[in-house]
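Comments concern the structure below.
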Amino acid sequence: MTASSTYPVRVDAALDHPGRWLWLVKWLLALPHYVVLVFLWLAFLVLSVVAFVAILITGRYPRPLFDFNVGVLRWSWRVAYYAYGALGTDRYPPFSLSEDVDYPAQLHVDYPQHLSRGLVLVKTWLLALPHYLVIGFFIGGTTLAGGVAIDGSSDDRARAVGQTGLIGLLVLVAAVVLAVTGRYPRPVFDFVLGMNRWVMRVAAYAALMTDQYPPFRLDLGARDPGAGPDLMLSPPEPGPATA
């Protein structure tokens, strides 16, 4: 993959030796995060409206608003990766909007120096529509990673392994295999990461963070094709995990 084919939203994760049984109670353990994320997504929506006006007038996304909204996406991705968006780690997510290079789930969005004033009028409701159809199949309904709906409301379905959507179904398969064998099936992990990566790219585009249209491409695996050498690599295939 060449540098010209990279995308400014990068999603990476390392399969971090999840245990056999902790996934059974992650819906409870992650509950404090879901409560916080409800309020963060409400702020995200308000600040996105402010950013819309700023881009329309100046062609720039105010940097403090951009950093906050990227932080919300990052926080959501960590929680999704810990909980039923991937079950890729048993390390509890930090309560932080900041980047944590030690956490096994990473998200980065390049800051745009200039954004189109015309595209800002049609990105969210029109141009992103084909992608909404695709990620709706991935996640079911209107939920984003982290168990928070696009409209900012709490969604109980996203907090259950049995949520509709291909991601939820494959994570359930991984959970059963993990419980029986102590190993997370690597092909399932790679596919789940690819779908989550697609979702987060579309979320950032719809939130006006980039003018670059998300590719209709399922980039499988732990490492995003756009990741630079400074971003983490996936560790070797884990051995059998214990509870």
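The values are calculated or read from the model by the stated rules, or taken from the named source; none is laboratory data. Only a predicted model underlies this, so the values are computations on that prediction, with no experimental measurement involved. A quick note on method: Cβ atoms are made from the backbone with ideal geometry, for glycine too, and the neighbour counts reach across all protein chains shown. Protein only, heavy atoms only, side chains kept; ligands, DNA and RNA dropped before computing areas. Shrake-Rupley method; radii C 1.70, N 1.55, O 1.52, S 1.80 Å.
Listed by first and then second residue, the pairs linking a residue in region 192-204 that is open to solvent by 10 Å² or more (accessible area, probe 1.4 Å) and part of a helix (DSSP H, G or I) to a residue that is at pLDDT 95 or above and aromatic (Phe, Trp, Tyr), with Cβ atoms under 7 Å apart and 6 or more places separating them unless they lie on different chains, are TRP198/PHE138.
Search region 69-85 for residues being out of contact with any Lys or Arg (no Cβ under 8 Å at 6 or more places or on another chain) and among the aromatic types (Phe, Trp, Tyr), and hand back the single one that is most open to solvent (accessible area, probe 1.4 Å). Among those residues, the one meeting the criterion is TRP75.
Among the residues of region 14-28, is there at least one that is at pLDDT 95 or above, within 16 Å of LEU121 (Cβ to Cβ) and open to solvent by less than 70 Å² (accessible area, probe 1.4 Å)? The answer is no, given that none of the residues of region 14-28 is at pLDDT 95 or above, within 16 Å of LEU121 (Cβ to Cβ) and open to solvent by less than 70 Å² (accessible area, probe 1.4 Å). Exactly one residue among PHE52, PHE66 is within 17 Å of the chain's Cα centre (by Cα), in contact (Cβ under 8 Å) with a residue 12 or more places away in the chain, farther than 20 Å from ASP224 by Cα and surrounded by 15 or more Cβ atoms within 10 Å (Cβ to Cβ), and that residue is PHE66.
Contact map, region 99-113: first residue on the phi < 0 side of the Ramachandran plot, second residue open to solvent by 20 Å² or more (accessible area, probe 1.4 Å) and modelled with pLDDT under 95, Cβ cut-off under 7 Å, separation 6 or more or different chains; pairs are PRO104/ASP16; GLN106/LEU231; GLN106/MET232. On inspection, ARG74 passes the criterion of being among the basic types (Lys, Arg), in contact with a Leu (Cβ under 8 Å, 6 or more places away or on another chain) and closer than 18 Å to VAL109 by Cα. With respect to the stated conditions, GLY71 is closer than 16 Å to LEU40 by Cβ and either out of contact with any Cys (no Cβ under 9 Å at 6 or more places or on another chain) or among the β-branched types (Val, Ile, Thr) (or both).
The residues listed here are LEU208, LEU233; of these, the one that is assigned to a loop (DSSP other than H, G, I, E, B), farther than 15 Å from GLY88 by Cβ and either at pLDDT below 95 or over 14 Å from the mean Cα position of the chain (by Cα) (or both) is LEU208. The set of residues in region 72-92 that are touching a Gly at 6+ places or on another chain (Cβ under 6 Å) and not in a loop (DSSP other than H, G, I, E, B) comprises SER76, VAL79, ALA80, TYR81.
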